[in-house]
2 protein chains.
Amino acid sequence: MPELKSKLVSRGPLDPQEAEWKTLVKTTYLDPNGIQRTWESAERLTRPASSAVDGVGVLTILHKSTGPELLLQKQYRPPINQMVVEVPAGMVDAGETVEECAVRELKEETGYVGVAEKTSPIMYNDPGFSNTNFNLVHVNVDMSLPQNQNPQPELEDNEFIDCFTLPLSSLYEDLKRLEREGYAIDAGVGSLAEGIEVAKRFKL
Amino acid sequence: MPELKSKLVSRGPLDPQEAEWKTLVKTTYLDPNGIQRTWESAERLTRPASSAVDGVGVLTILHKSTGPELLLQKQYRPPINQMVVEVPAGMVDAGETVEECAVRELKEETGYVGVAEKTSPIMYNDPGFSNTNFNLVHVNVDMSLPQNQNPQPELEDNEFIDCFTLPLSSLYEDLKRLEREGYAIDAGVGSLAEGIEVAKRFKL
């Protein structure tokens, strides 16, 4: 098991009066037969009015002499009390575009300076459960730039993130290995790896 | 915009006393510096004690004369009041394996009879927000079987699902088109499409 640098103390129900970041929502709707139904869901309270999404994920592929590698990080996530393998990510600030957010978060979390190249459709994490969503922004990092020679993250005092890379060619098998070692796999990274395997299998 | 077969009536805060399916959770933990912090998250109340995951996604690729196509569905999702493009999916029943769940949900939601072939790592949808998770189960559908000639879904009376397929080779562009047409894209499908594009670009 990976060393848990953080340690669970307790877990229990959250009083919604006390909640600052997340909330429960009740939706009432008419189904296609005109029958009125209700649905429970959860939301972040932090999405800026200026933004269509909560946050971004950053897809950065580093061109190494041995082949392309995906930039990843390991981060303790309290909701599951595990170290999670995920792409750099963060919440959109008010007035910020998703591309600006991606470049900023990449710099803060990994130290790399990059340029946003391409933005995915809006992705809904789990639309039967919540409205949480993000854009995956492809950020190109020019490894020949002086500022990318020895990148230094600029983490906030409640952020503890370890950066690493995995070869794209073996991403799926490496995620399976990391799961066996006790890491949790973020669905965005896992589904990306599944897509690579599908493309290989069908020679797309 | 796609025709919304369902219609939003109202949306508001959900009283946790009334909540049957979802809940808010407060986690208290020590960070790597020994500082005590708290974290808000959301959970499903429905995960069986027998299961490590809430549910499954089903990856089924149909072998058509024109090439491989991914089996997808369009479903109204109240948390975002949109029609969502997603893979067949569902919640694990008590005592059921994820593979059994995948074969059952595929039959119920699409009518296809299949065999589970491969199971992904456990995927966490949004581990900074919730503990919700799933396995992506690859289910093989033999199109030569009589029962797969004219598949008939067996939907519950609150389920309204339209099945369709998209060619794997153009999945990303087709998702972009569906987004322009007003559909929301589930992150699992979107990230799978991103993976296919990455594999093509780097000739993996």
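The values are calculated or read from the model by the stated rules, or taken from the named source; none is laboratory data. Just so we're clear, the structure is a prediction, and the values are computed from it rather than from any experiment. Here the Cβ is made from the backbone with ideal geometry for all residues, glycine too, and neighbour counts use every protein chain on show. Side chains included, ligands, DNA and RNA excluded: accessible areas come from the protein's heavy atoms. Shrake-Rupley method; radii C 1.70, N 1.55, O 1.52, S 1.80 Å.
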Quick check, is B:LEU204 open to solvent by 10 Å² or more (accessible area, probe 1.4 Å) and either closer than 27 Å to B:VAL92 by Cβ or within 7 Å of another protein chain (Cβ to nearest Cβ) (or both)? yes
Within segment A:151-181, of all residues that are more than 19 Å from the chain's Cα centre (by Cα) and in contact (Cβ under 8 Å) with a residue 12 or more places away in the chain, the one surrounded by the most Cβ atoms within 10 Å (Cβ to Cβ) is A:SER169
Could we say that A:ARG44 is within 8 Å of chain B (Cβ to nearest Cβ), surrounded by 11 or more Cβ atoms within 10 Å (Cβ to Cβ), farther than 21 Å from B:ASN125 by Cα and in contact with an Asp or Glu (Cβ under 8 Å, 6 or more places away or on another chain) here? no
Answer with yes or no whether B:GLU197 is open to solvent by 40 Å² or more (accessible area, probe 1.4 Å) and either within 23 Å of A:ALA89 (Cα to Cα) or at the interface with another protein chain (Cβ under 9 Å from one of its Cβ atoms) (or both). yes
In segment B:120-139, which residues are in a strand (DSSP E or B), open to solvent by less than 20 Å² (accessible area, probe 1.4 Å), at the interface with another protein chain (Cβ under 7 Å from one of its Cβ atoms) and not polar (S, T, N, Q)? B:PRO121, B:MET123, B:LEU136
Residue hits (segment B:151-194; more than 8 Å from chain A (Cβ to nearest Cβ), polar (S, T, N, Q) and farther than 29 Å from A:GLN36 by Cα) are B:THR165, B:SER170
Scan segment B:108-119 for residues that are within 14 Å of chain A (Cβ to nearest Cβ) and either of a type in the set (A, V, I, L, M, F, W, C) or open to solvent by less than 40 Å² (accessible area, probe 1.4 Å) (or both) and report the count. 2
Considering only segment B:28-72, give the strands (runs of 3 or more DSSP E) lying wholly within it that have at least 2 residues that are under 30 Å from B:MET143 (Cα atoms). B:55-59, B:61-64
Mind listing just one residue for me: the one in segment B:47-90 that is within 30 Å of A:LYS7 (Cα to Cα) and aliphatic (A, V, I, L, M) and, of those, most open to solvent (accessible area, probe 1.4 Å)? B:ALA49
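Would you tally the residues in segment B:73-119 being in a strand (DSSP E or B) and either within 21 Å of B:LEU145 (Cβ to Cβ) or touching a residue at least 24 places away in the same chain (Cβ under 8 Å) (or both)?
18
Only residues that are more than 22 Å from A:GLY55 (Cβ to Cβ) and at pLDDT 95 or above: list them for segment B:123-150, please.
Going residue by residue through segment B:123-150, those that are more than 22 Å from A:GLY55 (Cβ to Cβ) are B:135-150.
Across segment B:123-150, the qualifying residues are B:ASN135, B:LEU136, B:VAL137, B:HIS138, B:VAL139, B:ASN140, B:VAL141, B:ASP142, B:LEU145, B:PRO146, B:ASN148.
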